[in-house]
Amino acid sequence: MTNCNNTCVTTSGAASQLFATAINFLAATQCFVPENTQTYIGDNETYDFIIVGGGSAGSVVANRLSEINYWNILLLEAGPEPPIESDVPNMKNFLLQSKYAWQYFTQNDGINHQAFKTGSVYWPRGKMLGGCSSINGMFYVRGIDHDYQSWVNAGNPSWTPKNVNYYFKKAESLQNSQLLEDSDVRNTYGNDGPQVVNRFNSTYREATEKILESWDFMGFKRVKDINAVNFEGFGLSSIASVTAANGRRYSTYRSYLDPIRNRKNLNIVTNAFVTKILLNEDKKSYAVEADIFGEKKTFYANIEVIISAGTINTPQLLMLSGVGPKDHLLSKNISCVVDLPSVGKNLQDHSSIPIIVYGDEQGEEKESEQLFEVAKYLYNRSGLLAQNTFSDLLAFFSRNQSMKYPEFEIHMGLSLKKSRIAETFLSVYHDSTLKSFSELNANKTAHIFVLNLLHPSSRGLIYLNTSNAYDHPIINANYYGDTQDLQDTIDGMKILKKIVETPYFKSINAFIPRINIPQCNHYDFDSDLYWKCYIINTCGTLYHPVGTSKMGPNPEDSVVDNFLKVHGVKGLRVIDSSIMPSITSGNTNAPTIMIGEMASDMIKDEYIENH
């Protein structure tokens with residue numbers, strides 16, 4: 001059902017109130033559009049396929065399987081439909097702590113992340129149709145051939161660079177006129193898929209051009225599009241492609257589900273929290289139990305149950321259903337149906353380290369300009385609200401010229417003098433730490449560089465807190481559990497810090513200050529010991545957790561096989577980012593969409609003759 005009453009925006013100040021007014025106005029205008037009402041669903045109904053989770057991959061699977069008009073498909077999503085805020089690119093931060101997100105936190109170990117107010121890292125995951133694609137930063141990064149060849153080398157022969165490229169192109173509809181003029185870029189992308197790929201019409205372009213020029217001086221090769229090249233040399237930089245166009249986000253809900261809502265063989269049920277997969281004596285999945293507005297219902301599957309609940313919820317649901325490490329399940333009084341020791345293991349994420357470069361750049365944020373931005377968006381969906389909170393620049397680099405894959409990614413944001421962008425972004429930290437970041441921003445522009453280690457050796461773990469499906473699982477992110485990751489990050493930081501030596505940053509007297517972190521204040525500033533302490537205490541997430549239902553041939557160290565079938569269980573697959581054996585080189589939403597596309601064809605190939 002269309003959300004016409006805003007439930008997300010919490011604001012203060014004149015400009016913020018006008019942002020809220022803008023959203024309420026858009027919501028009101030949306031009410032003139034006929035609503036998509038949820039069909040009533042009875043208990044004990046039977047379908048051919050039941051899909052648990054309507055997120056980045058589940059939406060794709062629902063679309064593709066319902067193309068077969070004699071298959072009846074049920075899509076169960078724990079959250080509601082996306083609110084109007086989800087459509088507005090720069091409003092995503094309003095959703096991160098709302099009912100439209102699973103509000104997870106990593107485990108507080110008393111050692112890492114101690115600059116955070118909670119001593120842990122907030123891991124919001126999309127809880128609505130479209131999942132994280134309805135709440136993320138919209139960067140569209142495929143990864144590189146090396147990523148997928150490593151999947152093949154791990155015993156997954158179908159996932160070759162050639163095959164995954166086919167499914168990327170099947171998903172895509174490139175709509176940027178400048179990129180379409182370049183034959184290499186045009187030939188890289190698909191042009192008639194459901195997923196819109198474009199670029200932001202960024203109002204930051206003059207400022208970001210100075211960053212690109214600085215990266216040029218550092219030796220990063222500027223390319224037309226990051227997805228149209230394979231990584232080589234020291235570094236690459238580019239304006240990013242995104243899943244947005246004309247001031248509007250194109251989540252998988254918007255791209256894959258909304259256009260096919262009227263298919264008679266597809267039933268989409270929101271606010272349906274699946275609590276258990278039912279397995280019979282032959283270890284075959286045959287039904288799911290779901291809580292729909294407090295009412296427990298059971299739905300039956302003739303062919304398969306497909307779990308697309310994401311890297312956190314998928315292993316939790318498997319374990320609650322009796323599939324997972326036997327000793328752990330028994331400790332929670334759960335009967336073990338299939339002993340799969342790797343469920344919940346192999347957790348990987350891209351860590352996120354903020355490096356703030358301050359400088360005497362001209363310009364400051366003014367309240368009146370913010371109000372004008374609201375007017376621009378209401379008029380023609382342009383301006384600041386029509387783009388990401390951060391800039392749309394990306395850079396990838398490694399420590400030497402011989403690497404065939406990038407070791408690091410950089411995201412970049414700009415916080416003008418008197419702006420609250422940096423303060424908002426860094427508000428997760430203790431007040432004393434936040435103050436040392438934000439005080440300088442009152443009189444200087446803050447360039448926010450976020451350094452991400454792309455291929456960590458560390459592996460985390462997700463396991464049950466209780467046997468209650470409503471209790472959040474325990475997330476042991478284990479960032480820097482392998483100390484080599486810490487040293488690698490310091491090496492990457494040393495390269496990134498060289499940006500202050502480039503001509504533009506010299507011209508604005510740029511510098512990186514000491515930040516007040518009590519655990520680090522006794523170390524000499526700019527020493528390796530200082531930066532190790534800084535990294536451990538400020539390390540956050542880039543919101544890319546993957547790997548907890550690892551794909552591989554051996555049930556002892558993986559959860560699903562090459563075709564994403566759960567080892568030891570009939571009629572049960574996992575189709576989401578949790579199947580990744582190793583994390584990709586960049587933002588993970590595009591690979592997750594690709595996984596949905598490829599897995600859908602695997603299902604069709606198995607059950608449809610001559611597909």
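The values are calculated or read from the model by the stated rules, or taken from the named source; none is laboratory data. Here the structure is a predicted model, which means the values were calculated and not measured. Reconstructed Cβ throughout: ideal geometry from the backbone, glycine too, with neighbour counts over all protein chains shown.
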Original post:
Quick one: which of Thr489, Thr445, Thr466 is of a type outside the set (A, V, I, L, M) and within 21 Å of Gln103 (Cβ to Cβ)?
Top reply: Thr466
**OP:** Count, please, the residues in the range 403-435 that happen to be small (Gly, Ala, Ser) and modelled with pLDDT under 90.
**Re:** 3
Original post:
Looking at Leu464, Leu434, which is the one that is of a type outside the set (S, T, N, Q), buried (at least 22 other Cβ atoms within 10 Å of the Cβ) and not assigned by TED's automatic domain parsing to the domain that holds Asn112?
Top reply: Leu464
Original post:
Restricting the first residue to the range 417-431 and requiring it to be more than 17 Å from Gln362 (Cβ to Cβ), which pairs with a second residue that is among the charged types (D, E, K, R) meet a Cβ separation below 6 Å and a spacing of at least six or different chains?
Top reply: His430/Lys117
Subject >> Residue count, the range 463-513 (criterion: among the hydrophobic types (A, V, I, L, M, F, W, C) and under 21 Å from Met218 (Cβ atoms)) >> reply: 11
Subject >> Candidates Glu45, Glu77, Glu67, Glu81 - the one that is touching a residue at least 40 places away in the same chain (Cβ under 8 Å) and surrounded by fewer than 22 Cβ atoms within 10 Å (Cβ to Cβ) >> reply: Glu45
**OP:** Kindly check whether there is at least one residue in the range 201-209 that is farther than 30 Å from Gly359 by Cα and of a type in the set (Ser, Thr, Tyr).
**Re:** no
Subject >> Odd one out for Asp605 among (1) surrounded by fewer than 21 Cβ atoms within 10 Å (Cβ to Cβ); (2) under 25 Å from the mean Cα position of the chain (by Cα); (3) assigned to a helix (DSSP H, G or I) >> reply: (2)
Original post:
of a type in the set (Asp, Glu), surrounded by fewer than 19 Cβ atoms within 10 Å (Cβ to Cβ) and either touching a residue at least 12 places away in the same chain (Cβ under 8 Å) or in contact with a strand residue (DSSP E or B) (Cβ under 8 Å, 6 or more places away or on another chain) (or both), is that true of Asp488?
Top reply: no
Original post:
Right, Glu304: under 30 Å from Val450 (Cα atoms) and among the acidic types (Asp, Glu) or not?
Top reply: no
Original post:
Would a scan of the range 161-171 turn up a residue that is over 28 Å from Pro124 (Cα atoms) and part of a loop (DSSP other than H, G, I, E, B)?
Top reply: no
Original post:
Any residue in the range 269-277 that is outside any helix (DSSP H, G or I) and among the charged types (D, E, K, R)?
Top reply: yes
Subject >> Every residue from the range 49-83 that is of a type in the set (A, V, I, L, M), out of contact with any Gly (no Cβ under 6 Å at 6 or more places or on another chain) and outside any loop (DSSP other than H, G, I, E, B) >> reply: Ile50, Val52, Ala62, Leu65, Ile73, Leu74, Leu76
Original post:
Is it the case that the range 232-245 has a residue that's touching a residue at least 24 places away in the same chain (Cβ under 8 Å), part of a loop (DSSP other than H, G, I, E, B), on the phi < 0 side of the Ramachandran plot and hydrophobic (A, V, I, L, M, F, W, C)?
Top reply: yes
**OP:** Give the number of residues within the range 144-160 that are outside any helix (DSSP H, G or I) and either assigned by TED's automatic domain parsing to the domain that holds Ala309 or crowded, with 21+ Cβ neighbours inside 10 Å (or both).
**Re:** 3
Subject >> Selection count where residues are of a type outside the set (S, T, N, Q), touching a strand residue (DSSP E or B) at 6+ places or on another chain (Cβ under 6 Å) and within 14 Å of Asn72 (Cα to Cα), scope the range 253-301 >> reply: 6
**OP:** Please enumerate the residues belonging to the range 216-228 that are under 19 Å from Tyr189 (Cα atoms), in contact (Cβ under 8 Å) with a residue 40 or more places away in the chain and among the aliphatic types (A, V, I, L, M).
**Re:** Ile226, Ala228
Subject >> Leading residue by the ranking (nearest to Tyr358 (Cα to Cα)) among those in the range 413-447 that are assigned to a strand (DSSP E or B) and in contact with a helix residue (DSSP H, G or I) (Cβ under 6 Å, 6 or more places away or on another chain) >> reply: Ala446
Subject >> Residue selected from the range 379-394 under the condition out of contact with any Phe, Trp or Tyr (no Cβ under 9 Å at 6 or more places or on another chain) and surrounded by fewer than 18 Cβ atoms within 10 Å (Cβ to Cβ), by the criterion nearest to Asp216 (Cα to Cα) >> reply: Ser382
**OP:** Starting from residues that are surrounded by 14 or more Cβ atoms within 10 Å (Cβ to Cβ) and aliphatic (A, V, I, L, M), keep the ones in the range 94-118 and report whichever is farthest from Pro545 (Cα to Cα).
**Re:** Ala115
**OP:** Please work out if Ile268 is under 21 Å from Gly413 (Cβ atoms) and crowded, with 23+ Cβ neighbours inside 10 Å.
**Re:** no
**OP:** Sort through Ser558, Ser582 and tell me the only one that's assigned by TED's automatic domain parsing to the domain that holds Leu278, within 26 Å of Val288 (Cα to Cα) and part of a loop (DSSP other than H, G, I, E, B).
**Re:** Ser558
**OP:** Could you pull out the residue among Val141, Val121, Val164, Val88 that is crowded, with 20+ Cβ neighbours inside 10 Å, aliphatic (A, V, I, L, M), more than 19 Å from Pro591 (Cα to Cα) and out of contact with any His (no Cβ under 7 Å at 6 or more places or on another chain)?
**Re:** Val88
Original post:
Is there any pair linking a residue in the range 266-284 that is within 19 Å of Ile41 (Cα to Cα) to one that is modelled with pLDDT under 95 and among the β-branched types (Val, Ile, Thr), with Cβ under 7 Å and at least six apart or on different chains, and which?
Top reply: Asn267/Thr39; Asn267/Ile41; Val269/Ile41
Original post:
Listed residues Val9, Val61; which is buried (at least 23 other Cβ atoms within 10 Å of the Cβ) and either at pLDDT 95 or above or not assigned by TED's automatic domain parsing to the domain that holds Phe299 (or both)?
Top reply: Val61
Original post:
How about the range 481-507: which of its residues are outside any helix (DSSP H, G or I) and either out of contact with any helix residue (DSSP H, G or I) (no Cβ under 6 Å at 6 or more places or on another chain) or in the same structural domain as Lys332 (by TED's automatic domain parsing) (or both)?
Top reply: Gly481, Asp482
**OP:** Would you be able to tell me the number of residues in the range 248-263 that are surrounded by fewer than 18 Cβ atoms within 10 Å (Cβ to Cβ) and either among the hydroxyl-bearing types (Ser, Thr, Tyr) or in contact (Cβ under 8 Å) with a residue 40 or more places away in the chain (or both)?
**Re:** 5
